[in-house]
Structures are given as C-alpha cells and as structure tokens.
Amino acid sequence: QNGPHPLPLSFAQQRLWFVDQFGPRQSLYNVPSALRLEGPLDVRALQKSLGAIVERHEILRTTYGFQNGHPVQEIEPATSVPLPVVDLRHLHNGEREETLQAALEAEAARPFDLGNDDMLRARIFQLGAEDHVLFINLHHITCDEWSLDIFFRELAHFYQGASSSRPIGLAELPIQY
C-alpha cells in the first residue's frame, strides 16, 4: 500500500459512496460482464489469474468506510478470489439457457456492501464439457469501461501463463488508483 493509511476517496468515489450510504443498497452501480468461453477451461488457472489481478490492483481489494467525519478507503491484503462453478450440464438446451439467463440477471442485481464486500465477484457457469460462461461483477467505485478493458486484457495474459505452467508477469504498476 502506498501513501497514508486510511486513504481519502477521490471525488468520483465520494459521489458513489454517498449514494450508497444514503439510499437503499442497489445494483445500479454494478458493472457486470459475461463472457462465453468455448474450448477446454482450466478453472484453477482462471482462479489463479483473478487472484493475480486482485494482488496487482489495490482498488480491487479496497473497502470503504467512515472515519473522523470523512469517507475513507481501506486496502485489504490480497486473498484468493472465490470462483464457484455452477454446473448446468444436466439441463436440456432451452432450460439451460433460460436458467443461465436468470442466474446472470440475479448475480448482476446483487448489490455490493462497500464496507465489507470484495469489489470483484466471479462465477463460472458450466454449460457443456467445453462450453462455459465466465461472469464477472465489479462495483463502479472500482472500475469504469476503460479499466474493464485493462482487466480483461490482464486476465487473458495471466490465464495464458497459468494454464501453460509458465507464469507470465507484468511490469509492476508505477502508481495505484
């Protein structure tokens, strides 16, 4: 962690924190993404890759609280990212897609608790032996569309290394958000 502890919020983070504190917890600022993955999938390598991203980016392991009359960021230690696998292979095709869609909508609608939750949620839906959907949900306080592109590029980079047993590092970040 760089800088003082705890850290102040940026102006954009303050707005999102304020909305979260003074209204019913909502999913309005969730940033969900679902990717269809065809071909063999190494779930352990994917989980390891998500962990590498969380370790690399402090913002993904930050919680938001209130101290001395001000909202603050608390950077948590890096931990492994839960990656549950939901097996839908037993369902018939139409039922499988309908169940998948309902599950994706439910996950996207699940609000974040900015003071306690991990700001990255991930889940795999297994549709077939080589047919999966990776669902990622982030809170907007941690990302925007531009940073989401970086997230997925780094995920692909780390996954390539982890799945081939040749860890591929990235240069250390000169600054954190």
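The values are calculated or read from the model by the stated rules, or taken from the named source; none is laboratory data. If you're wondering where the values come from, they're calculated on a predicted model, not measured in any experiment. Glycine also receives a Cβ, built like all others from the backbone with ideal geometry; neighbour counts cover every protein chain displayed. Accessible surface areas use protein heavy atoms only, side chains included; no ligands, DNA or RNA. Shrake-Rupley method; radii C 1.70, N 1.55, O 1.52, S 1.80 Å.
L120 - would you say it is in contact (Cβ under 8 Å) with a residue 24 or more places away in the chain and either open to solvent by less than 20 Å² (accessible area, probe 1.4 Å) or aromatic (F, W, Y) (or both)? I'd like the intermediate steps shown before the answer.
On the way: in contact (Cβ under 8 Å) with a residue 24 or more places away in the chain: yes; either open to solvent by less than 20 Å² (accessible area, probe 1.4 Å) or aromatic (F, W, Y) (or both): yes.
Yes; evaluated as a whole, the condition is true for this residue.
The residues listed here are V81, V85; of these, the one that is open to solvent by 50 Å² or more (accessible area, probe 1.4 Å) and either under 16 Å from the mean Cα position of the chain (by Cα) or at pLDDT 95 or above (or both) is V85.
Quick one: would you say F135 is closer than 23 Å to L7 by Cα, touching a residue at least 40 places away in the same chain (Cβ under 8 Å), surrounded by 15 or more Cβ atoms within 10 Å (Cβ to Cβ) and not aliphatic (A, V, I, L, M)? No; evaluated as a whole, the condition is false for this residue. Can we say A102 is at pLDDT 95 or above, more than 21 Å from the chain's Cα centre (by Cα) and either under 14 Å from H57 (Cα atoms) or loosely packed, with under 11 Cβ neighbours inside 10 Å (or both)? It is false that A102 is at pLDDT 95 or above, more than 21 Å from the chain's Cα centre (by Cα) and either under 14 Å from H57 (Cα atoms) or loosely packed, with under 11 Cβ neighbours inside 10 Å (or both). Quick check: is even one residue across the stretch 157-173 open to solvent by less than 50 Å² (accessible area, probe 1.4 Å), closer than 15 Å to L60 by Cα and either touching a Pro at 6+ places or on another chain (Cβ under 6 Å) or in a helix (DSSP H, G or I) (or both)? The answer is no; no qualifying residue exists. Of the set (1) surrounded by fewer than 14 Cβ atoms within 10 Å (Cβ to Cβ); (2) in a strand (DSSP E or B), all apply to I150 but (2). Quickly run through the stretch 34-57 and pick out the residues that are touching a residue at least 60 places away in the same chain (Cβ under 8 Å) and open to solvent by less than 20 Å² (accessible area, probe 1.4 Å). If the condition is that a residue be touching a residue at least 60 places away in the same chain (Cβ under 8 Å) and open to solvent by less than 20 Å² (accessible area, probe 1.4 Å), then G39, A45, L46, S49, L50, I53, V54 are the ones that fit.
Table: residues versus (1) in contact (Cβ under 8 Å) with a residue 24 or more places away in the chain; (2) charged (D, E, K, R); (3) in contact with a helix residue (DSSP H, G or I) (Cβ under 9 Å, 6 or more places away or on another chain).
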position	(1), (2), (3)
E74	yes, yes, no
S80	yes, no, yes
V86	yes, no, yes
G94	no, no, no
D131	yes, yes, no
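Scanning the stretch 17-70 for residues that are aromatic (F, W, Y) and not in a strand (DSSP E or B) yields W17, F18, F22, Y29. The set of residues in the stretch 106-133 being part of a loop (DSSP other than H, G, I, E, B) and of a type in the set (A, V, I, L, M, F, W, C) consists of F112, L114, M119, A129. Note on the stretch 158-177: residues that are farther than 30 Å from R96 by Cβ, free of Cβ contacts under 8 Å to residues at least 60 places away in the same chain and not small (G, A, S) amount to 5. Tell me yes or no: at least one residue of the stretch 85-105 is among the acidic types (D, E) and assigned to a loop (DSSP other than H, G, I, E, B). No.
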